[in-house]
Amino acid sequence: MRILFDGPYSKSPKSGIAKYFERLSLELTNKHSIFFSRRSFSDNSSEVKLPFPFHFRPHRFSFCIERTWFKYLVREPFQIVHPIEYELSPAGEYCLNRNSRLVVTVHDLIHEKFGAPGRLYEKEKRSSFYSKANGFIFVSNSTRKDFGEFYPELADRTPGAVIWHGNNFENTELIDTKKKKQVLFVGARDGYKNFKGAVESFRLVSSNLTDLRLVVAGPPPQPSELSLIKGLHQRVDWFTYPKENELRKIYAESVALIYVSKYEGFGMPIVEAMSQGCIPIAINHSSLPEIMGNAGILLKSSDPHEIGQAISKCCKDNDFSRVKMGLGRARSKTFMWEKCAKEVLTFYGEL
């Protein structure tokens, strides 16, 4: 099968969506021809096929060159066009118009629920894009349900499948890395991610757990975030975009993951944490109970006092923590990229 992932290729992806397509491409490339429609100057690959010209600014000229490359140098049509972003590039449009099937992965309904800056999300434009799809992949049952609420006319008439992500880390029974007295916050910290609530909960327990540290992994700290941790600077460690092996070590060293966002389409850090014996603390909403199962701690609300109590429980009750760590490792084995890719491929075939 010939498959076009319409969007930028990233050899070292930082975002969850880029990582999703990178992992899928690696799983599928052995038996299928996998193309990306865009590549940066610094990225190349021996596994997947990339346009010879790299992408540059102004975008409209680069898009034109990429379309020409696919039109004249990639002659054989694609069975599947699977866009990475919520729109098709000119190359993707050209390939789709040669009797391909359009598959769209719906990762979340963040923009629909919370809005988006500028013109990143426009309901009519998003609906028009979705209406072209021959099939939808949803990353959780929760996301599928949300999609049905916002786009009922599309959910009813277009085939769809719920396919969970894989785990970015190897599943292991035993974690050799010794736990440190630290809790972890991973990923983006803006808006609905509720970094403020995580800091407030850490502040509440810091007086009783005087040797506990907060580790923050993700983008570099902003001035507003440094102001938010005022008085805690000596107890907060920042790791800016750690490499995958570094991030895995941080998970393995941490007692708990503070994952108290207001909404999640899937919640990849939950899976990563569970696989490394790090207890996820999350709010009982959206996809989180679906992904976490009986592992970790699900809270009724985002009240910092409730979050703080969960942190204290993980740090002080060793028997409780050992049970939750074991449940988490077992649960994480449910999520495999090989299984994800196999189900995606089956869905492609059905279309």
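The values are calculated or read from the model by the stated rules, or taken from the named source; none is laboratory data. Note that the structure is predicted; figures quoted are calculated from it, not measured. Reconstructed Cβ throughout: ideal geometry from the backbone, glycine too, with neighbour counts over all protein chains shown.
Of everything listed in (1) over 22 Å from ASN167 (Cα atoms); (2) at pLDDT 95 or above, the single unmet condition for ARG39 is (2). Answer yes if at least one residue in region 41-61 is of a type in the set (Gly, Ala, Ser) and in contact with a Pro (Cβ under 9 Å, 6 or more places away or on another chain), and no otherwise. Scanning region 41-61, I find no residue that is of a type in the set (Gly, Ala, Ser) and in contact with a Pro (Cβ under 9 Å, 6 or more places away or on another chain), so the answer is no.
So that you can scan it fast, the table gives a plain yes or no per residue for (1) more than 15 Å from CYS278 (Cα to Cα); (2) in contact (Cβ under 8 Å) with a residue 24 or more places away in the chain; (3) outside the structural domain of LEU299 (by TED's automatic domain parsing); (4) assigned to a helix (DSSP H, G or I):
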position	(1), (2), (3), (4)
ALA188	yes, yes, no, no
ALA198	yes, yes, no, yes
SER201	yes, yes, no, yes
ASN208	yes, yes, no, no
SER227	yes, no, no, yes
TRP238	yes, no, no, no
LYS249	no, yes, no, yes
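Restricted to region 7-123, the set of helices (runs of 4 or more DSSP H) holding at least 1 residues that are loosely packed, with under 12 Cβ neighbours inside 10 Å and of a type in the set (A, V, I, L, M) comprises 59-73. On inspection, THR105 fails the criterion of being over 29 Å from TRP238 (Cβ atoms), outside the structural domain of CYS278 (by TED's automatic domain parsing) and without any contact (Cβ under 8 Å) to a residue 60 or more places away in the chain. Residue count for region 155-175 satisfying the condition of being more than 15 Å from LYS19 (Cα to Cα), at pLDDT below 95 and crowded, with 16+ Cβ neighbours inside 10 Å: 3. Filtering region 224-272 to residues that are surrounded by fewer than 24 Cβ atoms within 10 Å (Cβ to Cβ), within 21 Å of TRP337 (Cα to Cα) and aliphatic (A, V, I, L, M) leaves LEU247, ALA252, MET268. The residues of region 273-294 that are over 17 Å from ILE110 (Cα atoms) and buried (at least 23 other Cβ atoms within 10 Å of the Cβ), listed by number, are ALA273, MET274, SER275, GLN276, GLY277, CYS278, ILE279, PRO280, ILE281, ALA282, ILE291, MET292. Of all residues in region 278-296, those satisfying the criterion of being more than 14 Å from LEU184 (Cβ to Cβ) and either touching a residue at least 24 places away in the same chain (Cβ under 8 Å) or among the charged types (D, E, K, R) (or both) are SER286, SER287, LEU288, GLU290, ILE291, MET292, GLY293, ASN294, ALA295. Say whether the condition of being in contact (Cβ under 8 Å) with a residue 24 or more places away in the chain and part of a strand (DSSP E or B) is met by at least one residue in region 264-277. No, every residue in region 264-277 fails to be in contact (Cβ under 8 Å) with a residue 24 or more places away in the chain and part of a strand (DSSP E or B).
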